[in-house]
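For reference, the structure discussed in these notes is given below.
Every number in this text was worked out from the coordinates using simple rules, so none of it is lab data. On a predicted model such as this, the values are computed, not experimentally measured, just so you know.
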Amino acid sequence: MGRYILLGILTGIGVTAGVMAFGAGIYWLWLFGDDPWPGWAEVALVAGAFTIGLAVFVGFAVFGYRRSRGR
């Protein structure tokens with residue numbers, strides 16, 4: 001189970017960074033064009049990226065737990 005936790009942490013961090021990078025590009029180019037960032041955009045980007053990264057981590061942890069129990 002430990003390796004799934006480690007794999008989940010590493011994958012969660014990678015997914016979070018990828019979502020933040022992709023989301024920043026989408027926010028900047030598609031939503032706002034050349035205008036400066038509004039205050040809520042940064043909060044939404046960080047919250048969304050960390051939520052998705054956490055979901056990936058929890059998925060790996062649950063998979064590792066179920067695998068260690070023989071299911």
Most mobile of 48, 33, 12 per a Gaussian network model of the chain (Cα springs, under 10 Å)? 33
With an 8 Å cut-off on Cα pairs and a minimum separation of 6 or more residues, tell me the relative contact order of the chain in percent. 61 percent
What value, in deg cm²/dmol to 500, does the helix sum -39500 (n - 2.57) over DSSP H runs of n ≥ 4 give at 222 nm once divided by the residues of the chain? -27500 deg cm²/dmol
Most mobile of 54, 45, 29 per a Gaussian network model of the chain (Cα springs, under 10 Å)? 29
Phi-derived 3J(HN,Hα) across the range 39-52 with the Karplus relation (6.51, -1.76, 1.60, θ = phi - 60°), rounded Hz, x for Gly and Pro, is x, 6, 5, 5, 5, 5, 5, 5, 5, x, 5, 5, 5, 5
Above 16 Å lies some portion of the pair distances; for the range 2-68, what is it as a whole percent of all C-alpha pairs? 52 percent
